[in-house]
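Take a look at the structure set out below.
Rule-based calculations on the coordinates, nothing more; no lab input. Worth saying up front: this structure is predicted, and the values here are computed from it rather than measured. Here the Cβ is made from the backbone with ideal geometry for all residues, glycine too, and neighbour counts use every protein chain on show.
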Amino acid sequence: MALAGLFSILIVIAIALAVAFPNLPDISDLQDYRPKLPLRVFSYEGALIGEFGEERRHLTPVKEIPKVMIDAVLAIEDARFFEHGGVDYKGVLRAALANLGRVKSQGASTITMQVARNVYLSTEKTYTRKIYEILLTFKLEHMLTKDQILEIYMNQIFLGNRAYGFAAASEAYFDKPLANITIAEAAMLAGLPKAPSAYNPINNPKRARSRQLHIIERMLENKFITPEQATAAKKEELKVKTTADNTKVHAEYVAETVRQLMFAQYGDETYTRGLNVYTTLRAADQDVAYRALRKGIMDFERRQVYRGPEKFVTLPLHNNEIEDSIDEALDDHPDNGDVMSALVLEADSKKIRAIRQNGETLEITGDGLKPAQSGLSDKAPPNIKIRRGAVIRVAKTLKNTWEITQLPEVEGAFVALDPRDGSIKAMVGGFDFEKNKFNHAMQAWRQPGSSFKPFIYSAALEKGITPATVINDAPLFFDAGVTGGQPWEPKNYDGKFEGPMTMRRGLAKSKNMVSIRILQAVGAQNAQEWITRFGFDQDKHPAYLTMALGAGSVTPIQMASAYSVFANGGYRINPWLISKITEQKGKVLVETIPPILDESMRAIDARNAFVMESLLQEVTRSGTAASAQAKLKRPDLYGKTGTTNDSMDAWFAGFQPTLTAVTWIGYDKPRKLGDRETGGGLSLPVWIQFMEHALKNVPVVEPGAPEGLIHSGGEWFYDEFAHGSGVSSMGLNDSIDGEPDTQVQELPAADEKKKILDLFKN
């Protein structure tokens, strides 16, 4: 009976293999495995921020790989490599017997199987992938010699710290060529393929040492070394480099953008010809932008309800079996910068003991438990309950203690550029590139809310409306006959109406009724045409009154470019990122000459830009962004907050004459951030933290007034609109407490109204 069952299983496997075989990838390229030089991406100063194709950088022929290195690898990975045909059936049987009664399975992958998996397949743990892996293994063994397979493995395998292959790893960890490797060093490197992060001798010396000793014992068991050599190797003190990747500039979104641009230009040669791309990025500014955005997002996350552990695993009872369980659980939940993963060993309402992948055990007590109180309650549902085997997130506090946290669901973006030439100085496309590779800074089309109002005000200046024009902050109402659907009665953020105020005060306090009345006077069509001067797409901003409240669609980098028009005196600039491209030997292929502002680039009159600067300066002095000047202690700051309807998007867009920066925070799938969350509370602090660094040694700059302006009564006027010639007031016949203005205005149809006609906040 048992034999019949086994026979049936074998038949099923045979059929599965026969069906899968025609779908195998072409492996002929491995027969000509040549060194290929990577694409490298640098900051303006020359700091490496990205490398693509580096896994083939240090190709070392198998004949040049020291025997001790090969022996160390074979001892731990595949001692019978030269005896089996790709699948080690004895090893499979041994692993199967060892796995009986164990929670964590013991693997039996040969070197050939690892080559098949690492080169052609994903890391997902499915039966389908395993079938393809076995078939590819047989195919590799048929087409290639053992030496060829071993050569690919020794050069291809990822070993952490940006090192692919043992030659690169020897330099990365020991700063020496592979030819000079010792037994002790070889054993240390041979331990890396299993888990490069867990057994990294730089970050995790304790666990790396434990695995090294195990491999030395395996080398001795397989008679690769003598007992005397084993003893000496165990005693050898290794000189491991201490300059790992912890100084890396976090510019992953920038590097990926460059990679895409290079691939569009050079195709597959991008990864092979040794191109060096120098960006306009300032490394120090980029680092601050990265940390500022993450802090802003994590500060928001601390105010959210705890959503529970990311995963639950069953841990072995014996400590000597627990390490593999830790590796398996945390490999799928890697650290995201300072938001680190950990596996819970013990948990109650007063203390949690957990272990990180580097072997560090930590205790969380007191305030560190507060963010996850709901998960520690006896009444917590199973998916929320923190218990033994739970994968959680932890972070270091300012007091150097640990606290429970969680990976944020909310996303963000930050971009900074020089308004004088458009060069990008910092760009962060999201919370973490490994978590979400979508570049929100360049690709996220979002509603700008009140951060869009300055462009409507700019149009108004050309129509005789001045900063001194008195505008009534009184109710407005549009009935169903006008909207084509439900009546629309816009409100201010605080729900209050303050009556007559100047245009300047209306922008500073972000009064929606003031903005709507201004757009009524300008005309929606005229405003729609005007905003294209700043680089906005006309079709993404329908010519309705809701434009006054930022109901269109923009990207953060588009907003940075648009605000730069105000910052540089009225010139439209295009953001650019690549300053120079060279080949391996230094030959310059492309070099960008920074553009010089001239009248051909003019978008708005210099007078318009100056007056708008004055209005935006008021926002940072006494308006919704007053904390900017208060905290940075300088007057040359300009900008506008923005919070869309139901607080779905939080913005701050602003500048100093030498630097424009924009922050956005929101969910990928738009939903409420929270009733109390605003652009001033969420995004402005990120902007301030960045500017505090970026402007540290930059002198205060307050542009002089251009010709054609008159300063009278503490306010700026165009010559032609001075002395009462401009619009003196708007909407003063409307009562604050009485009936709202029912003036008929063209508004969207009902289906469009549902999307864009709701109230937008400051």
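Numbers at a glance
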item: Added length on full extension, which subtracts the Cα-Cα distance from 0.36 nm per residue, Trp445 to Glu360; result: 26.4 nm
item: Using a Förster distance of 45 Å, the FRET efficiency for Gln260-Lys491 (Cβ separation, nearest 0.05); result: 0.55
item: Peptide ranges 61-71, 190-200 listed from the most packed, as the mean C-beta count within 10 angstrom indicates; result: 190-200, 61-71
item: Footprinting exposure proxy for His214, His711, His318 (fewest neighbouring C-beta atoms within 10 Å first); result: His318, His711, His214
item: Ratio Rg/Rh, restricted to the range 469-624 and using Cα atoms, in which Rh is the Kirkwood radius; result: 1.10
item: Full-stretch length increase - Lys669, Glu409 - with 0.36 nm per residue and alpha-carbon distance subtracted; result: 92.6 nm
item: Out-of-range pairs (alpha-carbon distance over 19 Å; input Lys453/Lys631; Lys248/Lys696; Lys491/Lys631; Lys453/Lys509; Lys67/Lys223); result: Lys453/Lys631; Lys248/Lys696; Lys491/Lys631
item: Sequence of Arg291, Arg307 once ranked by neighbouring C-beta atoms within 10 Å, starting from the fewest; result: Arg307, Arg291
item: Length released on extending from Asp299 to Asn400, taking residue separation times 0.36 nm less the Cα-Cα span; result: 34.6 nm
item: Net charge, Val701 excluded, C-beta distance under 10 Å - Lys, Arg +1, Asp, Glu -1; result: -1
item: Euclidean distance of C-alpha centroids, the range 302-356 and the range 449-471, integer Å; result: 54
item: The range 649-664 versus the range 524-582: alpha-carbon centroid distance in Å; result: 13
item: Rounded if a/c under 1.5, otherwise prolate or oblate - the range 630-725, Cα gyration tensor axes; result: oblate
item: Label-point separation in nm, His723 to Arg273, each point 7 Å along Cα→Cβ; result: 6.6
item: Under the Karplus curve 6.51 cos²θ - 1.76 cosθ + 1.60, θ = phi - 60°, whole-Hz ³J(HN,Hα) for the range 643-648, x wherever Gly or Pro sits; result: 9, 7, 3, 6, 6, 8
item: Under Karplus coefficients 6.51, -1.76 and 1.60, residue-wise ³J(HN,Hα) of the range 531-539 in Hz, glycine/proline x; result: 5, 5, 4, 8, x, 7, 7, 4, 6
item: Three-way shape call for the range 311-405 based on the alpha-carbon gyration tensor, with the a/c threshold at 1.5; result: oblate
item: Within straight-line cross-link reach of Lys435, lysines at Cα separation under 17 Å, skipping those fewer than 8 residues along the same chain; result: Lys295, Lys311, Lys669
item: Exposure proxy ranking, count of Cβ atoms within 10 Å, fewest first, for Phe610, Phe536; result: Phe610, Phe536
item: Where labels lie 7 Å past Cα in the beta-carbon direction, separation of Glu64 and Asn574 in nm; result: 4.4
item: Model label zone, His711; criterion: amide N under 19 Å from point 7 Å along Cα-to-beta-carbon; scope the range 622-641; result: 622, 634-638
item: Shape category assigned to the range 383-452 from the gyration tensor of Cα positions, a/c cut at 1.5; result: prolate
